[in-house]
Every structure is written in C-alpha cells, then in structure tokens.
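**Q** Pasting in a structure now, in structure tokens, and then I'll have a few things to ask.
The values are calculated or read from the model by the stated rules, or taken from the named source; none is laboratory data. Quantities reported herein were computed from a predicted structural model and do not represent experimental measurements. All Cβ positions, even for glycine, are placed from backbone atoms using ideal geometry, and neighbour counts span all protein chains on display.
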Amino acid sequence: MTSPQPRPVIEVDVVMRHEPVTGPMSRWQAWRWVLGDVLLRADPDEAPALLPDEQHEPEAVTPVDTAAPPGASHWLFPRFRVELFRDDSEGYFLNLNSPTPCFWVVWRADEDRLIEGEPLAVPQTVTLSYHDAGRWLDAQERVEQVSAPPEVVDWLRGFVDATYQPEPKRRKRPDSFKPLTDRFGQPVRISTEKLRGGGGPRAEGGDGGAHG
C-alpha cells in the first residue's frame with residue numbers, strides 16, 4: 001500500500017503595517033492596521049520545515065513599503081504555511097483567473113497587546129483559495145489581500161493544471177420543450193378538438209378565454 005503524497009506547501013512571512021490615519025477619518029481614528037505584504041521565504045520547489053505556531057511571534061522590521069505614510073511601523077509575523085488541497089482546486093483556479101492573483105490573510109486584533117494604544121493586528125492564516133477568502137468574509141472576519149509574486153503564481157498554476165477538472169456543462173434544453181404560457185403567465189394546453197366552423201387546433205389558457 002502506497003503512502004499518500006504530501007500536499008504542496010510553501011512558507012511565508014506576513015507583514016502588518018501600523019499607520020496614522022489621514023484626512024477626515026482621523027477625527028475618529030488616529031491609527032489603523034493594514035496588510036503590508038506576504039513574503040515568500042524560499043523557492044516553492046524547496047520543501048519547508050514543519051514549524052509550530054509558536055514561531056509566529058512578531059518582530060518590528062524596517063519598512064518594506066516605501067509608499068507607507070510617515071510614522072508607519074511594520075511588524076513581521078514569520079513562517080505561515082500555505083498548503084494546497086486537491087478538493088479546493090476550483091478555489092485556486094478562480095484566484096489564478098482573477099485580474100491579480102493574490103494571497104488572502106485573515107487577521108484579528110489582540111486586545112492584550114497594544115501598539116500606539118491600538119490592539120496588535122495578529123495574522124491567523126494565509127491562503128491562495130478564492131473559496132476560503134469568501135467563507136471568511138461571510139463570517140465577518142477581517143480579510144485583506146496582496147498580490148502574489150510570479151514564482152508563487154507559477155507554482156499554483158502547476159497544481160491547478162494537474163488537479164482541476166471543470167464540471168461538464170449541462171446541455172441546454174431546446175426551446176421547444178419550454179412550457180407554453182398565456183399572456184398572463186398561466187400554463188396552456190393544446191386541444192386537438194376542432195372548433196365549430198372547421199378551425200384547427202386551439203390553445204386553451206388558464207383564464208378561460210375572453211369574456212364578452
């Protein structure tokens with residue numbers, strides 16, 4: 001009996017940015033957290049080590065985004081595993097066929113750790129699945145996205161090409177099989193009885209015909 005093949009996996013670091021709010025919104029909120037980047041740790045062809053969640057502890061890093069507003073700080077959360085699952089190949093296919101294939105990151109506020117008086121934004125998980133992102137958004141989670149680098153897109157495309165099988169399109173039913181309705185939307189039936197005076201088949205509607 002052969003052992004199952006390991007799932008494709010990469011390791012990434014998540015960078016969260018803490019930045020001052022500008023414009024009218026600053027009257028109500030002085031600071032905010034946004035997703036800064038998702039950084040690939042190694043080539044996708046290199047198998048990453050199995051690492052415990054404890055290694056997600058953040059560390060302050062030099063700004064990675066030169067467009068960040070003055071006063072912003074960046075916090076790196078290392079070593080998140082991004083796995084690919086065969087039963088979610090459609091979710092990866094939809095990501096690849098979007099205008100910009102991307103990573104999605106779910107993060108939550110840690111009320112026990114404050115940065116400039118704001119709860120620390122802690123990433124929870126990272127995915128390349130369109131379906132995962134949709135489920136998290138439906139669950140009212142904080143979900144942000146950042147474009148995936150070309151080597152990750154190529155890695156994901158190789159997996160999708162090998163695993164994704166589109167569902168066959170259902171054959172469209174010919175129009176001749178559509179039920180007949182009258183002008184009021186009621187079903188009608190075709191009668192083969194001849195009208196007095198030698199008429200041919202007639203359609204009988206649900207409204208019983210015109211009334212004089």
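**Q** Whether any residue in the range 155-166 is out of contact with any His (no Cβ under 9 Å at 6 or more places or on another chain), touching a residue at least 24 places away in the same chain (Cβ under 8 Å), surrounded by 14 or more Cβ atoms within 10 Å (Cβ to Cβ) and closer than 30 Å to Val21 by Cα is what I want to check.
**A** no
**Q** Then there's this: Here is a check on your reading of the model: is Glu151 in a helix (DSSP H, G or I) and either crowded, with 16+ Cβ neighbours inside 10 Å or modelled with pLDDT of 95 or more (or both)?
**A** Spelling it out, Glu151 is indeed in a helix (DSSP H, G or I) and either crowded, with 16+ Cβ neighbours inside 10 Å or modelled with pLDDT of 95 or more (or both).
**Q** Let me ask something additional. Kindly provide the set of residues from the range 66-94 that are within 24 Å of Val122 (Cα to Cα) and of a type in the set (S, T, N, Q), ordered by number. Can you show your working first?
**A** First, the residues of the range 66-94 that are within 24 Å of Val122 (Cα to Cα): 66-84.
Selection gives Thr66, Ser73.
**Q** Suppose the filter is within 23 Å of Pro20 (Cα to Cα) and surrounded by fewer than 19 Cβ atoms within 10 Å (Cβ to Cβ); does Val61 pass it? Show your work before the answer.
**A** Working: within 23 Å of Pro20 (Cα to Cα): yes; surrounded by fewer than 19 Cβ atoms within 10 Å (Cβ to Cβ): yes.
Yes; evaluated as a whole, the condition is true for this residue.
**Q** With the requirement that a residue be at pLDDT below 80 and of a type in the set (Asp, Glu), what does the range 65-89 give you?
**A** Answer for the range 65-89, where residues must be at pLDDT below 80 and of a type in the set (Asp, Glu): just Asp65.
**Q** Would you check which residues across the range 107-123 are within 16 Å of the chain's Cα centre (by Cα) and surrounded by fewer than 19 Cβ atoms within 10 Å (Cβ to Cβ) and list them? Walk me through how you get there before you give the answer.
**A** Step one: list which residues in the range 107-123 are within 16 Å of the chain's Cα centre (by Cα), which gives 107.
Answer for the range 107-123, where residues must be within 16 Å of the chain's Cα centre (by Cα) and surrounded by fewer than 19 Cβ atoms within 10 Å (Cβ to Cβ): there is none.
A quick yes/no check of all residues on (1) acidic (Asp, Glu); (2) outside any loop (DSSP other than H, G, I, E, B):
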{"position": "Trp75", "(1), (2)": "no, yes"}
{"position": "Asp87", "(1), (2)": "yes, yes"}
{"position": "Thr100", "(1), (2)": "no, no"}
{"position": "Phe103", "(1), (2)": "no, yes"}
{"position": "Ala109", "(1), (2)": "no, yes"}
{"position": "Pro123", "(1), (2)": "no, yes"}
{"position": "Arg135", "(1), (2)": "no, yes"}
{"position": "Val143", "(1), (2)": "no, yes"}
{"position": "Val146", "(1), (2)": "no, yes"}
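**Q** Right, here's the next one. For the range 52-64, indicate whether the set of residues that are at pLDDT 80 or above, small (Gly, Ala, Ser) and in contact with a His (Cβ under 9 Å, 6 or more places away or on another chain) is non-empty.
**A** no
**Q** For the range 12-44, enumerate the residues that are in contact (Cβ under 8 Å) with a residue 24 or more places away in the chain and of a type in the set (Ser, Thr, Tyr).
**A** Thr22
**Q** Turning to a different aspect of this structure: Determine if the range 113-128 includes at least one residue that is in contact (Cβ under 8 Å) with a residue 40 or more places away in the chain, among the polar types (S, T, N, Q) and at negative phi.
**A** Taking every residue of the range 113-128 in turn, at least one turns out to be in contact (Cβ under 8 Å) with a residue 40 or more places away in the chain, among the polar types (S, T, N, Q) and at negative phi.
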